[in-house]
Amino acid sequence: MVSFTECLGSLFSKFRRSPPKQIEPDSAIGGLLHSYPANPVQHPELNPELSKIASNLETIIAFVNPKSGGQKGRIVFERLKNYLNRENIFDLTKGGPKPGIEKHMNKKDLRIIACGGDGTVGWILSVLDEMQLENQPSVAILPLGTGNDLARTLGWGGGYNNESMEIFIKRVIFGKIVKLDRWSIKTNLVNSNESELEIRPSSDAKDMLPLNVINNYFSIGADAKIALDFHSAREKNPELFTSQAFNKIEYAKNYSKDLLNRSCKDMLQDIKIFECDGISYLDKLKTLNSHSIVFLNIPRYLNHDFHYSRSSV
């Protein structure tokens, strides 16, 4: 996305020359198929249609976040057992994605299914970054999160609603592989006085970002605070967040509350420089009285589509 690259200028740098591959589902694949066949790898005689592609199934591994989708991840985990070998399915709460990737990383044309929200996808991609595999596997998404903006962008839909798992597996196998640009964030400390600004690199852990990679978007201000409050509440009481509908209601409540409290109304007082391509936009942000700033890497945000150009900046 050229406009995104040019606007951020020196604030961001390309994460790497060969961005991770994503699988874009082929919309032509469809048809009403069985939802609960015998495992085609273990019992090819009982499912001749899928047994024809049994070798492809061996190159697929799935990582499931059982907490995603209002605990729907647990159902997905069980359904995947009907299509993939048990040793190809991993619970992310038990050691994360790295052990599973290490176990299967030498397979040719390895494809990964990320079963969870956009955060789950980002977790898997970050582990792939750390491992620096010579042959990067492709990543497909079975969307179980609240927003699923990345899944929508890549054509996987806004959520899994008990659709045929067989159709989904075929889309993973035959889907088109596309590239996804990702970005890294570099943080600096700014000491300001009346005469000049001093900018120096930040190395202190308390000044570092918890994650310095952008997959979907990056925000500061009210939006970031609302997302953090939601995450903290879900970590504290996961038993309350048992459905996507409830999660969206909680998000809406938090946004409504912040509209009244305007917790970040003075945010711009702490921003000394805001430049894109050498042009300062700080005065424009102050005119708009902004209390949230979002940088988009994909054309979707909070379940909405955004179509923009340089002329709209």
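The values are calculated or read from the model by the stated rules, or taken from the named source; none is laboratory data. All values derive from a computational prediction rather than experimental measurement. Because the Cβ atoms are built from the backbone with ideal geometry, glycine has one as well, and the counts that use them run over all protein chains shown. SASA here: full protein model, heavy atoms, side chains in, ligands and nucleic acids out. Shrake-Rupley method; radii C 1.70, N 1.55, O 1.52, S 1.80 Å.
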Taking the simple approach of a point 7 Å from Cα along Cα-to-Cβ for both residue 245 and residue 181, what is their distance in nm?
3.9
For residue 292, residues with placed amide H under 5 Å, excluding near neighbours:
222
Taking the square root of 5 times each eigenvalue of the Cα gyration tensor, what semi-axes in Å does the equivalent ellipsoid of region 49-174 have, largest first?
19, 18, 14
Taking the alpha-carbon centroid of each part, what is the distance from region 81-102 to region 226-289 in angstrom?
34
Residue 59 to residue 284: extension gain in nm, 0.36 nm per residue of separation minus the Cα-Cα distance?
75.9 nm
Show me the three semi-axes of the equivalent ellipsoid for region 230-293, from the C-alpha gyration tensor (sqrt of 5 times each eigenvalue), largest first, rounded to whole Å.
33, 13, 10
Probe 1.4 Å, heavy atoms of protein chains only: per residue, the accessible area of region 49-174 in Å² is 38
Where GluC sites (Glu not before Pro) fall in DSSP loop in region 89-162, at most 16 other Cβ within 10 Å
134
